[in-house]
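Taking it in order: structure first as structure tokens, then the write-up.
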Amino acid sequence: MSARAGAGGRPPAGSGLVSRYMLRLLVRPLAGTLLLVLPALLLERLLRLFDLLAGSGSPASSIAQLLLYLIPHYLGLAVPAALFLAVYSVISRLSQDHELDALQASGLSLARMARPFLGVGLLCALLGGALYGYVQPMSRYAYRAALHALTEAGWNATLVPGEFAQVGRRLTVFVERRDPGTGLLHGILLHQRQDDGTEVLTTAATGEMVLDAGRSELLLQLEDGRQVTLDAGGGASTLNFASSGQSRPFVRRLPIFRLRGADEREMTLDELWTGLGRSDLPVPARRMRGELHGRLVRSASLLLLPLLAVPMGLAAKRSRRSVAILLGAVILVVYQQAVQLVESLGDLGRIDPRPGMWLLFALFAAFSLLVFRHSNRHPAEGAFDGVLERLDRAAGWAGARLARLLPRRAGVAR
């Protein structure tokens, strides 16, 4: 039986209080899931960055900077998962505690109770548009530029302890020891030849290699050292210095990274839209169209996630939560991969990606609306009950089968 609004179509008394209650319940799992999913996604990339940069002697601060640039990218992956899981957890908790039954008995329909979730979904869609359309392109370019400065710009501050590093044709650097935690260098020796034949020999007890990304320069700051200068005529001069303020740093300007816009993923929504009418861009128009509509589809899809999460949460009352979460994850992954496939085919020039992407969005929207409408009209009969029941039986059968096989294998091992 579906719950009806009050007399005259007015909302039942206390609906505003219920909306605020729903929002309070949603805040904690939404924030908690974000704080759990985002670090988990960053951890995998952190390990890859350590493998890439630790062997080259890059300081830990450089890895931290690269991770900061990656946060918007992984935030775009974490927000949909966090929104879906948060709405799902709130509805499943209210359903299992029979609070939903009490609210529906008081005259509140499932559609009215879901309005706060749809409002949060709309807010996430707007924020997703800003994130996908503007923040991610800028941070992606900044990440690539910083990674280029550390790994692909010729000499990249790689100083292996105990080995002489040849920097260009006129400078040789030797480092006795390097602190892997802080990147501090110990026992530094520099030998430099100038254009007029002068040779400069510099030694220092400690030093630090600093990357100035804004000016594309590598700066070697020295402390507690001595500098001996031998001119072409045989004259010599000595200079002692104690602190970095009195040091004679070596500055090497790195090759400037390419300008932003050579990749469509580095363009903002405005640049993609205005660039479609130009012929002087290095990116083909088909790739720009696919990127533009792909971002719009992903942003708009965030609005639909509560419509799918609410029926999933209701079905969790009659089945295992893990099975319902697994089914929801499969639906979202298949949808995401389908959108990505259409975009990739558009990049290759096989199809026009615009109709395919929006057709997938329309199918996903229709599916979400239908299952939500079914749950709103028939709260006691969930749209996913049959599928989840079969999955639950399959999981139980697989678990029982595995439990019978394990003792036999253990006996054979003995």
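Each peptide among 92-105, 299-312, 73-86 gets the average number of other Cβ atoms lying within 10 Å of its residues, and from highest to lowest they stand as 299-312, 73-86, 92-105. Highest average first, the peptides 125-134, 277-286 ordered by how many other beta carbon atoms sit within 10 Å of their residues are 125-134, 277-286. When Arg289, Arg140, Arg373, Arg28 are compared by accessible area at a 1.4 angstrom probe, the order from most to least is Arg28, Arg373, Arg289, Arg140. Would you mind checking segment 263-303 for residues with the amide N under 16 Å from a putative spin-label position 7 Å along Cα→C-beta of Leu123? What the label zone holds, given the 16 Å backbone N cut-off, is 302-303. Residues Ile63, Ile325, ordered by accessible area of protein heavy atoms at a 1.4 angstrom probe radius and largest first, appear as Ile325, Ile63.
This model, with +1 at the C-beta of Lys and Arg and -1 at the C-beta of Asp and Glu, gives segment 305-365 a dipole about its Cα centre of some 500 debye. Of the whole protein surface, Asp196 contributes about 100 Å² of accessible area at a 1.4 Å probe radius. Taking Thr238, Thr203, Thr268 and ordering them by how much accessible surface each has at a 1.4 Å probe, largest first, produces Thr238, Thr203, Thr268.
The values are calculated or read from the model by the stated rules, or taken from the named source; none is laboratory data. If you're wondering where the values come from, they're calculated on a predicted model, not measured in any experiment. Because the Cβ atoms are built from the backbone with ideal geometry, glycine has one as well, and the counts that use them run over all protein chains shown. Keep in mind that these areas ignore ligands, DNA and RNA; they rest on the heavy atoms of the full protein, side chains included. Shrake-Rupley method; radii C 1.70, N 1.55, O 1.52, S 1.80 Å.
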